[in-house]
Amino acid sequence: MPKVVVHIDEVAKVAMAMGNVRNLLAALPTSKVIIVVNGPAVTTLTSADWATFITDNPQVEIDACHNALMSHQLVATDLVAGVKVVPAGVVRIVELEAQGFNYLKP
């Protein structure tokens with residue numbers, strides 16, 4: 001089973017990243033996918049687009065960087081349901097790569 005961590009830090013790349021994940025899962029449905037969102041992109045985690053994505057792809061874990069949330073005056077309760085807050089996005093990515101996850105950044 002392929003393991004992929006998708007890193008999103010730019011608002012402009014969110015839609016592309018969602019499309020990449022959908023395409024990956026269509027081709028390799030048993031993939032383990034974790035999306036780590038940090039930087040300005042965390043501001044998008046309040047949108048209905050993410051709620052729909054999470055509903056349509058319940059097997060995908062969405063991790064939000066706590067540091068980025070604080071930088072953008074957001075708290076966990078501002079985010080759509082299903083998003084997990086991690087202490088630091090960059091640390092989460094490093095940990096996942098150490099576990100054998102392949103890194104993808106659209």
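The values are calculated or read from the model by the stated rules, or taken from the named source; none is laboratory data. What you are looking at is a predicted structure, and each value in this text was computed from that prediction instead of being measured. Neighbour counts are summed over all protein chains in view; Cβ atoms, including those assigned to glycine, are modelled from backbone coordinates with ideal geometry.
Going by what's in this entry, would M18 be described as touching a Phe, Trp or Tyr at 6+ places or on another chain (Cβ under 8 Å) and modelled with pLDDT of 95 or more? Spell out how you get there, then give the answer.
Values: touching a Phe, Trp or Tyr at 6+ places or on another chain (Cβ under 8 Å): yes; modelled with pLDDT of 95 or more: yes.
Yes.
From the list V85, V80, V37, the one residue that fits, being β-branched (V, I, T), surrounded by 13 or more Cβ atoms within 10 Å (Cβ to Cβ), closer than 12 Å to I8 by Cβ and touching a helix residue (DSSP H, G or I) at 6+ places or on another chain (Cβ under 7 Å), is V37. Annotation note: Cβ proximity below 8 Å between a residue of the range 1-26 that is without any contact (Cβ under 8 Å) to a residue 40 or more places away in the chain and a residue that is among the β-branched types (V, I, T) and assigned to a helix (DSSP H, G or I) (sequence gap 6+ or interchain) occurs for V11/T43; V11/T44; V14/T44.
Of all residues in the range 1-49, those that are assigned to a loop (DSSP other than H, G, I, E, B) and among the charged types (D, E, K, R) total 2.
Number of residues in the range 50-70 that are part of a helix (DSSP H, G or I) and exposed (fewer than 14 other Cβ atoms within 10 Å of the Cβ): the value is 4.
One residue is enough: does the range 32-45 have a residue meeting the conditions more than 21 Å from N102 (Cα to Cα) and among the charged types (D, E, K, R)?
No, because not a single residue in the range 32-45 is more than 21 Å from N102 (Cα to Cα) and among the charged types (D, E, K, R).
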